[in-house]
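What follows is one structure encoded as structure tokens, with my remarks underneath.
Throughout, read-outs are computed from the coordinates displayed, never taken from laboratory work. The model shown is predicted, which means the values in this text are computed figures rather than measured ones. Every residue, glycine as well, gets a Cβ built from its backbone with ideal geometry; the counts of neighbours run over all protein chains shown.
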């Protein structure tokens, strides 16, 4: 993205300033997410707080098609963190939140982690029908 920003700044397009600002925002979002990921080892409480704050912010703005960071990325980070900490209950609660918000779990969280979490809780893992959801989305596009 940094290379794209460099070339965009040199371009002569009439809407250059708007596109530069948008790209700078996306780069900043990705850098912030990278910082949050690194916090898992050094400041896990801060990492959880930062993820929850971003989730709240993204839910208020309902996400943006231009956003680089997706709600599912944040949930996945938290689920994997709680899973590695041995806190399957908390991880499962987040999986259920993703389901209730119709976020395709399989797109963000490894199915083996989901299965391990469910197994630790004595439950059977429900398959995340990601491919079925995509097929339905594609079919609905053809009807528009």
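Observations on the structure shown:
- Segment residue 124-residue 25, length gained on full extension (0.36 nm per residue, minus Cα span): 31.5 nm
- With the simple model of a label 7 Å out from the Cα in the direction of the Cβ, residue 97 to residue 45 spans 1.9 nm.
- Full-extension gain in nm, residue 90 to residue 60, via 0.36 nm per residue minus C-alpha separation: 8.5 nm
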